[in-house]
Amino acid sequence: MRTLACAAATGLLLLSAGANAQSIGGRYDVEGTNFDGSPYSGTAEIKAASDSTCTIVWNTAGEISRGICMRHGNAFAAGYSLGKAIGLVVYQVMQDGTMRGVWTIAGQSGSGTEILKPK
């Protein structure tokens with residue numbers, strides 16, 4: 001019985017470890033749409049900053065934006081700055097590691113879409 005309890009606890013730890021910021025780090029291809037529906041593309045890189053937070057840097061359309069991010073289960077969110085603008089993006093993490101999201105910028109109407117695909 002004690003062995004079964006240890007195995008169950010180990011399984012739970014492994015499951016929860018899969019939902020932290022470290023498990024999502026790496027390089028991604030970016031495909032998105034702006035508020036007006038026009039497409040953009042680029043790259044993003046996510047690096048773990050702690051066991052629950054990360055940093056993200058996007059390079060899209062020749063512009064660099066930087067943010068802080070975190071993962072919770074299949075939700076991944078980032079607050080970012082693009083020049084003087086502040087934005088928010090929320091993604092759903094898919095089983096294949098792709099992230100599908102929506103984003104916005106403070107003080108502007110509308111939202112865009114974005115997909116991050118692991119490289």
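A short reminder: the numbers here are calculations on the coordinates, not readings from a lab. All values derive from a computational prediction rather than experimental measurement. Reconstructed Cβ throughout: ideal geometry from the backbone, glycine too, with neighbour counts over all protein chains shown.
A straight chain from L88 to S41 at 0.36 nm per residue would run longer than the Cα-Cα distance by 15.1 nm. When each of F76, F35 is scored by the number of other beta-carbon atoms lying within 10 Å, the sequence from fewest to most is F35, F76. Legend: ranking of residues K84, K117 from fewest to most surrounding C-beta atoms inside 10 Å; resulting order K84, K117.
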